[in-house]
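Written below as structure tokens is the structure these notes are about.
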Ligand SMILES: C[S@@+](CC[C@H](N)C(=O)[O-])C[C@H]1O[C@@H](n2cnc3c(N)ncnc32)[C@H](O)[C@@H]1O
């Protein structure tokens, strides 16, 4: 694992360097109202109906955090990149949200428990996802859920985590698993995509 001061993870991306232009991708910045609405609708269906505490790990510039906060949830975002955290703080200024610089694999949230651990496009970059998932499960209140938006990107040298692998990593937790395929919903991505994209909503026992 990389040093705390090194924001280049196993994905080989310098996220501090990437932060300023990150929101230019339609599904990152959610600037297009159609894309934003598509994510807002999905997120509403993945999050609990009642307002709760959402921990957004690898929150980036806070685009999903903002949707969750707008739906009434209290948000804690954690990202290893100080530049991403600065942008997230700016984006959610005045909202019920706090952002911390830290490792998603071991978030600096002490003993605090959450109703939701929300993670989009981050788990695949972390070493030892099985261990990380066990840790995240321990951050949940009873009845809490993991909302994991992941995929496999590219065709020549694909990177990511296939849904079958993620569901087998979650199998030891038992409980309830819901999988939704997201590749065909063009509105989420702002364009057609041909690769594997999905969400797993897991409510461990
Ligand atoms: C592809 S971006 C996704 C950002 C955000 N979740 C979203 O969907 O818009 C990956 C993010 O994970 C962060 N990240 C990568 N490894 C991390 C780690 N070990 N701990 C915390 N954040 C990490 C990066 O800094 C970057 O902001």
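Structure above, values below:
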item	result
Qualifying residue in segment 140-147 (condition: out of contact with any helix residue (DSSP H, G or I) (no Cβ under 6 Å at 6 or more places or on another chain) and under 23 Å from residue 18 (Cβ atoms))	no
Residue within segment 39-46 that is surrounded by fewer than 17 Cβ atoms within 10 Å (Cβ to Cβ), more than 9 Å from the ligand (Cβ to nearest atom), modelled with pLDDT of 95 or more and more than 20 Å from residue 177 (Cα to Cα) present	no
Identity of the residue in segment 160-172, in contact with a helix residue (DSSP H, G or I) (Cβ under 9 Å, 6 or more places away or on another chain) and surrounded by fewer than 17 Cβ atoms within 10 Å (Cβ to Cβ), that ends up nearest to residue 128 (Cα to Cα)	165
Matching residues in segment 93-130 - criterion: being within 14 Å of the ligand (Cβ to nearest atom), in a loop (DSSP other than H, G, I, E, B) and touching a strand residue (DSSP E or B) at 6+ places or on another chain (Cβ under 7 Å)	102, 104, 107, 108, 109, 121, 122
Every residue from segment 145-159 that is surrounded by 20 or more Cβ atoms within 10 Å (Cβ to Cβ) and either free of Cβ contacts under 8 Å to residues at least 60 places away in the same chain or within 13 Å of the ligand (Cβ to nearest atom) (or both)	146, 147, 148, 149, 150, 151
Residue ID - farthest from residue 14 (Cα to Cα), chosen from residues in segment 75-90 that are more than 10 Å from the ligand (Cβ to nearest atom) and buried (at least 20 other Cβ atoms within 10 Å of the Cβ)	75
Test: residue in segment 30-37 that is buried (at least 18 other Cβ atoms within 10 Å of the Cβ), in a helix (DSSP H, G or I) and in contact with a helix residue (DSSP H, G or I) (Cβ under 9 Å, 6 or more places away or on another chain)	yes
In segment 186-205, the residues that are over 16 Å from residue 25 (Cβ atoms) and either under 16 Å from the mean Cα position of the chain (by Cα) or surrounded by 15 or more Cβ atoms within 10 Å (Cβ to Cβ) (or both)	196, 198, 199, 200, 201, 202, 203, 204
Filter result for the condition that a residue is closer than 13 Å to residue 122 by Cβ and in a strand (DSSP E or B), over 64, 55	55
Test: residue 72 is surrounded by fewer than 19 Cβ atoms within 10 Å (Cβ to Cβ), part of a helix (DSSP H, G or I) and out of contact with any strand residue (DSSP E or B) (no Cβ under 9 Å at 6 or more places or on another chain)	no
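The values are calculated or read from the model by the stated rules, or taken from the named source; none is laboratory data. Computed from a prediction, not measured in an experiment: that's the story for all the values here. Counting neighbours? That spans all protein chains shown, and the Cβs are built from the backbone with ideal geometry, glycine included.
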